Amino acid sequence: MDKGIFITFEGNDGSGKTTQIMLLADYLKKKGLEVVTLREPGGTAIGEKIRDILLDKGNRDMCPVTEMLLYAASRAQLVSSVIKPELERGRAVICDRFVDSSLAYQGFGRGLGTGNVWTVNRLAVDGCLPDMTFFMDIDADAAMARRCAKGGEADRIESEEMNFHRRVYAGYRELARQYPGRIRCIDVSRSPGEVFEEIRKYVDEFLEKSKR
């Protein structure tokens with residue numbers, strides 16, 4: 001592959017992104033592609049430090065604008081030092097969350113508006129947008145029930161009240177409506193295997209088109 005492929009996974013916490021990312025990474029490796037898996041916020045030494053600040057429950061009084069800017073800062077570092085270079089090497093980059101998360105969480109969830117979020121993130125992404133985004137479609141209440149069933153301490157974002165998570169989910173649905181060519185809604189009420197089969201079909205179609 002001369003040019004890399006950039007795939008992102010989006011959705012509320014508990015939507016099953018991690019499992020599908022692992023399955024897709026293994027599948028693409030078997031097809032002979034070099035694969036890089038990343039997460040947001042984080043993915044770089046600087047980004048991981050920003051992640052610690054963002055998810056620390058001790059920072060509950062963080063201003064929504066501060067939150068938006070910190071996510072964008074982590075993203076800018078990731079794009080500059082990892083995503084763009086890896087794509088230029090022809091690798092497949094799979095990222096757990098990207099700019100759609102900011103649009104959903106800060107734009108809709110925090111009420112900052114997608115226009116403001118885009119203004120900041122245009123600089124952060126520097127023209128680097130996903131070729132394909134999979135939205136793990138499960139409503140906020142069901143997703144949170146899944147997350148809680150796994151156990152473990154909730155981070156600052158996961159600990160937000162349910163109405164926040166419902167606004168985030170509604171935001172994702174609206175983004176999927178606005179960008180149907182890029183964002184694929186995946187019904188994750190099915191088994192992980194059935195979910196992956198649908199994702200695999202979309203990816204195979206994209207790879208086949210890219211050969212032409």
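The set of residues in segment 6-46 that are touching a Ser or Thr at 6+ places or on another chain (Cβ under 7 Å) and among the hydrophobic types (A, V, I, L, M, F, W, C) comprises 21, 25. Within 17 Å of residue 8 (Cβ to Cβ), assigned to a helix (DSSP H, G or I) and among the hydroxyl-bearing types (Ser, Thr, Tyr) - does that describe any residue in segment 170-182? Scanning segment 170-182 turns up at least one residue that is within 17 Å of residue 8 (Cβ to Cβ), assigned to a helix (DSSP H, G or I) and among the hydroxyl-bearing types (Ser, Thr, Tyr).
Listed here are the helices (runs of 4 or more DSSP H) enclosed by segment 1-84 that have at least 1 residues being buried (at least 18 other Cβ atoms within 10 Å of the Cβ) and out of contact with any Pro (no Cβ under 8 Å at 6 or more places or on another chain): 17-30, 64-78. Within the set of pairs 6 or more residues apart or between chains, which connect a residue that is in contact (Cβ under 8 Å) with a residue 12 or more places away in the chain inside segment 96-116 to a residue that is part of a loop (DSSP other than H, G, I, E, B) and of a type in the set (Asp, Glu) with Cβ atoms less than 8 Å apart? From residues that are in contact (Cβ under 8 Å) with a residue 12 or more places away in the chain, the pairs are 96/40; 97/40; 98/40; 101/40; 109/160. For residue 114, the stated conditions hold: it is under 21 Å from residue 182 (Cβ atoms) and touching a Gly at 6+ places or on another chain (Cβ under 8 Å). Of all the residues in segment 183-207, those that are open to solvent by less than 50 Å² (accessible area, probe 1.4 Å), in a helix (DSSP H, G or I) and touching a Phe, Trp or Tyr at 6+ places or on another chain (Cβ under 7 Å) number 1. Only helices (runs of 4 or more DSSP H) whose full extent lies in segment 87-150 are considered here, and the ones with at least 2 residues that are out of contact with any strand residue (DSSP E or B) (no Cβ under 9 Å at 6 or more places or on another chain) are 114-125, 140-150. Taken together, 104, 92 contain a single residue that is under 14 Å from the mean Cα position of the chain (by Cα), crowded, with 17+ Cβ neighbours inside 10 Å and under 23 Å from residue 18 (Cα atoms), which is 104.
The values are calculated or read from the model by the stated rules, or taken from the named source; none is laboratory data. Fair warning: this is a prediction, and the values are worked out from it, not measured in the lab. As a convention, Cβ positions derive from the backbone with ideal geometry for all residues, glycine included, and neighbour counts pool all protein chains shown. We work out accessible area using only protein heavy atoms, side chains counted, and drop any ligands, DNA or RNA first. Shrake-Rupley method; radii C 1.70, N 1.55, O 1.52, S 1.80 Å.
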